[in-house]
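Working notes for the structure below.
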Amino acid sequence: MSILIHAFSERTFPEIVSGALELRKIIGGEVYAIVIGHNVEELAKKVAKLGVSRVYLVDQPEFSIFNPETYSKVILSIADEVNAKVLIVESDIRGKILSGILSGKLGCGAINDVIGFETRNGKMIYKRVIYAGRAIAEEEVSGDSIVLAIRPGAFKAAEEEGEAEIVKREIQVGELATIVEEFKPKEIAGEMRLEDAEVVVGAGRGIRKKEDLEMIKELARVLGGAWGLSRPLAADYGWAPIWIGISGISIKPKLYIAIGISGQPQHTSGIRDSKIIVAINKDPDAPIFQFADYGIIGDAYQVVPELIKRLKELKG
Ligand SMILES: Cc1cc2nc3c(=O)[nH]c(=O)nc-3n(C[C@H](O)[C@H](O)[C@H](O)COP(=O)(O)OP(=O)(O)OC[C@H]3O[C@@H](n4cnc5c(N)ncnc54)[C@H](O)[C@@H]3O)c2cc1C
């Protein structure tokens with residue numbers, strides 16, 4: 001039984017590969033990757049170093065724009081070639097569209113937002129985030145085949161290991177029912193994407209009022225970074241549409257400053273790839289200090305303004 005994976009970017013491929021390699025430990029077989037796009041040879045070379053058995057490269061101008069119809073045709077064609085029973089895509093909006101099409105064509109089950117799996121009584125149990133991150137469902141699927149959409153950030157990025165062969169394939173897409181003329185990524189007004197930021201300042205329930213986020217944003221600005229929230233502030237108080245953590249987004253900045261965040265596992269699993277973590281918390285026993293490289297025990301309302309002042313002085 002082999003596993004075929006597809007992801008869209010250099011950022012998400014290592015995490016999706018890592019999920020596939022974990023699954024292989026349980027079900028065995030080979031892990032093949034497929035890189036689709038135009039001028040994506042460099043991406044294929046990087047994926048080849050992630051411990052997969054082989055990389056299929058489909059590099060044609062007609063794939064420069066994501067079209068679920070063409071992309072699913074390519075994936076199904078390669079899946080057929082390698083006899084893949086498990087298809088893995090990334091669980092963003094595009095991957096979820098693909099998982100629906102692929103499972104429909106294959107007549108098998110699909111699970112989106114997968115964050116883990118295990119065997120129980122000889123059965124595979126897949127865990128996925130539901131209710132906007134408020135709960136985790138455990139699901140099983142009958143039949144031999146399955147399509148999984150793995151949540152980026154759910155698995156630690158795969159390390160470089162070996163160098164797989166890259167096999168180029170040319171796929172005739174034939175007549176299409178849908179022509180995608182333009183693909184415009186959503187613009188994020190004036191703010192940096194947390195996933196790409198080298199510095200992230202995160203605020204938690206230690207920040208009492210929405211207006212107080214100004215000091216968090218100011219600290220992020222002074223450090224040239226982005227700001228983010230723990231889930232209660234984002235989802236429960238409605239202060240932002242996204243949050244950092246297992247049911248939100250995973251970040252991997254060079255520096256993460258967690259302010260007034262207790263450090264529950266659901267939050268820390270989204271920051272574990274940060275290089276340096278600094279925690280500011282008034283409770284010396286807050287779990288975040290176990291996770292942080294540097295800790296400041298103190299009141300955020302005193303420490304943060306002082307930090308901003310000192311950083312501004314340093315910058316001159
Ligand atoms: C299925 C599921 C998924 C979840 N997914 C996520 C997720 O993706 N991301 C996420 O963040 N959470 C998630 N959660 C929630 C998570 O369990 C925690 O409840 C949440 O992370 C706690 O947020 P917090 O640290 O901001 O708040 P709290 O746990 O309330 O911590 C607040 C901290 O602020 C400190 N503090 C208070 N006042 C000050 C001050 N003046 N100065 C300095 N420190 C101060 C306190 O000592 C405390 O440590 C999830 C929960 C479930 C059940």
Can you find a residue that is closer than 22 Å to S250 by Cβ, in contact (Cβ under 8 Å) with a residue 60 or more places away in the chain and either more than 16 Å from the ligand (Cβ to nearest atom) or not aliphatic (A, V, I, L, M) (or both) anywhere in segment 119-136?
yes
Only unsatisfied item for Y56, checking (1) under 19 Å from the mean Cα position of the chain (by Cα); (2) modelled with pLDDT of 95 or more, is (1)
Which residues, taken from segment 274-296, are more than 8 Å from the ligand (Cβ to nearest atom), in contact with a Gly (Cβ under 9 Å, 6 or more places away or on another chain), assigned to a loop (DSSP other than H, G, I, E, B) and small (G, A, S)?
A292
Residues of segment 297-316 satisfying the condition of being in a loop (DSSP other than H, G, I, E, B) and within 9 Å of the ligand (Cβ to nearest atom):
G298, D299
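Restricting attention to segment 157-166, report how many residues are buried (at least 16 other Cβ atoms within 10 Å of the Cβ) and not in a loop (DSSP other than H, G, I, E, B).
Residues that pass the stated criteria total 1.
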Inside segment 186-216, can you point out the residues that are at pLDDT 95 or above and of a type outside the set (A, V, I, L, M, F, W, C)?
G202, G204, R205, G206, R208, K209, K210, E211, D212, E214
Test L213 against the criterion of being within 14 Å of the ligand (Cβ to nearest atom), more than 15 Å from G245 (Cα to Cα), more than 23 Å from the chain's Cα centre (by Cα) and not small (G, A, S), and give yes or no.
yes
So G238 ticks every box in (1) in contact (Cβ under 8 Å) with a residue 12 or more places away in the chain; (2) surrounded by fewer than 17 Cβ atoms within 10 Å (Cβ to Cβ); (3) over 18 Å from E195 (Cα atoms) but one. Which box is left unticked?
(1)
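Yes or no, residue by residue, for (1) of a type outside the set (A, V, I, L, M, F, W, C); (2) within 21 Å of V17 (Cα to Cα):
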site	(1), (2)
I93	no, yes
G104	yes, no
A110	no, yes
F117	no, yes
A135	no, no
Quick check on my filter: what residues within segment 154-186 are farther than 23 Å from Y71 by Cα and of a type outside the set (D, E, K, R)?
A154, F155, A157, A158, G162
Considering only segment 232-242, I want to know if a residue exists there that is among the hydrophobic types (A, V, I, L, M, F, W, C), touching a strand residue (DSSP E or B) at 6+ places or on another chain (Cβ under 6 Å) and under 20 Å from K282 (Cβ atoms).
no
Taking G174 as the residue in question, decide whether it is in contact with a helix residue (DSSP H, G or I) (Cβ under 9 Å, 6 or more places away or on another chain) and surrounded by fewer than 12 Cβ atoms within 10 Å (Cβ to Cβ).
yes
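I'd like the full set of residues that are among the acidic types (D, E) and at pLDDT below 95, limited to segment 274-316.
Once the filter is applied, which keeps residues that are among the acidic types (D, E) and at pLDDT below 95, segment 274-316 yields only E313.
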Matching residues in segment 258-273 (in a helix (DSSP H, G or I) and either near the ligand (Cβ under 7 Å from one of its atoms) or at pLDDT 95 or above (or both)) number 2
Failed item, numbered, when G248 is tested on (1) free of Cβ contacts under 8 Å to residues at least 40 places away in the same chain; (2) within 6 Å of the ligand (Cβ to nearest atom):
(1)
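The values are calculated or read from the model by the stated rules, or taken from the named source; none is laboratory data. Please read all numbers here as calculations on a predicted model, not as lab measurements. Cβ coordinates were reconstructed from backbone atoms using ideal geometry, including for glycine residues, and neighbour counts include every protein chain displayed.
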